[in-house]
Every structure is written in structure tokens, then in C-alpha cells.
1. Between the DSSP loop rule and a limit of at most 12 other Cβ atoms within 10 Å, which chymotrypsin sites (Phe, Trp or Tyr not before Pro) in the stretch 1-40 are left?
2. So if R0 is 41 Å, what FRET efficiency would residue 5 and residue 160 give, r being the distance between their Cβ atoms, rounded to the nearest 0.05?
3. Residue 221 versus residue 91, label points 7 Å from Cα toward the beta carbon: distance in nm?
4. Could you check the spin-label model distance between residue 150 and residue 205? Points 7 Å from the Cα along Cα→Cβ, value in nm.
5. Calculate the dipole size of the chain relative to its Cα centre from +1 charges on Lys and Arg beta carbons and -1 charges on Asp and Glu beta carbons; express the result in debye to the nearest 20.
6. Starting from the eigenvalues of the Cα gyration tensor, five times each then square-rooted, give me the equivalent ellipsoid semi-axes of the stretch 165-265, largest first, whole Å.
7. To check you understand DSSP bridge types, tell me what percent of the beta bridges within the chain (both residues inside) are antiparallel, rounded to 5.
8. Sort out for me the Cα centre separation of the stretch 48-71 from the stretch 243-294, rounded to whole Å.
Amino acid sequence: MLDYAALCALAAVVREGSFERAAQTLFVTPSAVSQRIRSLEERVGCALVVRGQPCRPTDTGRRLCQHVDRVRLLEQELQGALPALAPEGLTRVALPIAVNADSLATWFAPAVAAFAAAAPVLVELSVDDQDHTATWLRSGAVLAAVTGTARPPAGFNSRSLGAMRYLAAASPAYLARHFADGVGAGSLARAPSLVFNTKDDLQSRWARRLCHRDVELPRHTVPAAHAFVTAALAGMGWGLHPEVLIAPYLAQGSLIELVPDTAFDVPLYWQHARAASSLIDGLSREVMDAAARALRPP
């Protein structure tokens, strides 16, 4: 039989990225976490964690992390069916999810909030670019994710959510200063753009489609969805914004599209572990319903 205290230590190290932070969440010492993982590695006969900044699981470590997260969900459901197993009341179980920042800032937060209000869970949200959230699934760090990747990792299901529409926009003063003679490869190569982080290539993809070639864009980095809009309103740069997030500013004229009719649609998918869990099923229903209301048809 597997040592579930050691499995929990492994999952904590992978999720927190270090032995020290994992120890804090488990209320033990880092040496105790290290000993638990070492004994588990001896038990299974291979390394489970690649030490580094952050720590990463090996392929076997990833599979064990996914296993322990699924076991937690199943145990929580069993407590609900057999109250004698939880004499002090139903405990809440951690539910790790990865999501892109723009979805979180618009349609996803209300969906997960509605689910968490009714379910015995503690949601752990991790934010990353939509083209990279699937990596969190493959690493074993999360059980579900909103991602821009259609094909799921092994052991996960994938469902189309729809497409998030983005508009390239900037303030009127910024447009007058940088694009008085029109928007083209030359002006885009000189005008500062906004990006969420180094993984964010939406602006480059939009410029490539507009100009039919790659354009090297000067970039300001603004790693927060609402601050991204605030930076555009202040004239810091131009960027691609979720249509739903900037609709009021477009209506009042404080933001203007760089080029009309050049919306950029990004398909999104909901990927989740195949474990038979009513909690995962309930979360998926909330997510799919919210996406149907907020996103464009796939």
C-alpha cells in the first residue's frame, strides 16, 4: 500500500514549488517533508521530484500527484454518503484549477464562485497564459484547466468552451500620437504594445495577421487583466483586450480599436481529470454554462 502522508507531501511540494513552502502548508518541518518523499521514492524505486526553483515532478511523480488529488475527491464524496466517517462534519477538499487571466477576470470567477458556494471544496486557482495552462495538467499540479489547447493530456477529457473575442485597442491620444498615418508594419514596430507576460503572443499574432508578416513589437509588460486595461486607458500602449472587458470604454470613446473589424478570436477548452467525481462533474456544469453565456460559439 502507498503511504498517503508521503503522497500528500509530494503533492504539496509540486503545488508549492519548494520543500519549505510545502512544509508550511502541512505544518511540519522541511526535513520531515524530505524524509517522506525519500521513503516514497525508495518504495516506488525511482525519483519523484526534480529539485530546483521551482521543484518539478518526474513523470512518475506527476502520476502520483494526480492519484492523490483524485483520492481526496473520492474520500470527500464517501464522507458525504457515510456521515459516520466524518463525525465532526464534512471536510472541505482542495480542488486545484488552472485558468488564464482574462477568463478569470471576466466569466470564470462567477462560475467557480457559484460552485464553491454550494460544494465542500477549497478552490486553488493558478493563473497562466491559455496556451500554457495545459502544462499544469501534465505536471499533476491541477485537476482541471481552462486552456487554449484542444488535445488533452493522457487521463483527461477536453470539451470546447467557445471562443473569447479580443479587440486591439488604445486611447485616442495614443492613437493620435503613434498611428496618425495609419496602422501598419512600420508604425507597429515603433509604437509600444502591452503584453501580459513573456508568454503572451496575442499582440504579435494579431499584427502578423494584419500585416501578413512578423513584426517585432516593442512591449510593456503588465501582468494583470484589469491593470492591462487601465494601462491602455492611460496611454501606455496598445493591446488586445477581451471585448467584454472593454465594451464600456469603447462605447464612451475612451478606448478606440486600432483597425475596425479585426477582432481576434481565441478558442478555449475545459480539460479535467477523468476520475468519476461528482465534484468535478458539478464544477464542469457550472463552467460550461457560464462559457455558453459569455463566449462566442466555437
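Bear in mind that the values in this text are calculations on the coordinates, not laboratory data. As the structure is a computational prediction, the values presented were derived from the model and not from experiment. Every residue, glycine among them, receives a Cβ derived from its backbone with ideal geometry; neighbour counts consider all protein chains shown.
1. Numbers: sites: 4, 19, 27; in loops: 27.
Answer in residue order: 27.
2. Numbers: r = 39 Å, r/R0 = 0.96.
Efficiency at R0 = 41 Å is approximately 0.55.
3. Here the answer is 3.9 nm between the modelled labels.
4. That separation, rounded to one decimal, is 1.3 nm.
5. Values: 28 positive and 27 negative charges, 90 e Å.
I would put it at about 440 debye.
6. Values: eigenvalues 63, 46, 35 Å².
Listed largest to smallest, the semi-axes of the stretch 165-265 are 18, 15, 13 Å.
7. 65 percent
8. First find each Cα centre; the distance between them is then 30 Å.
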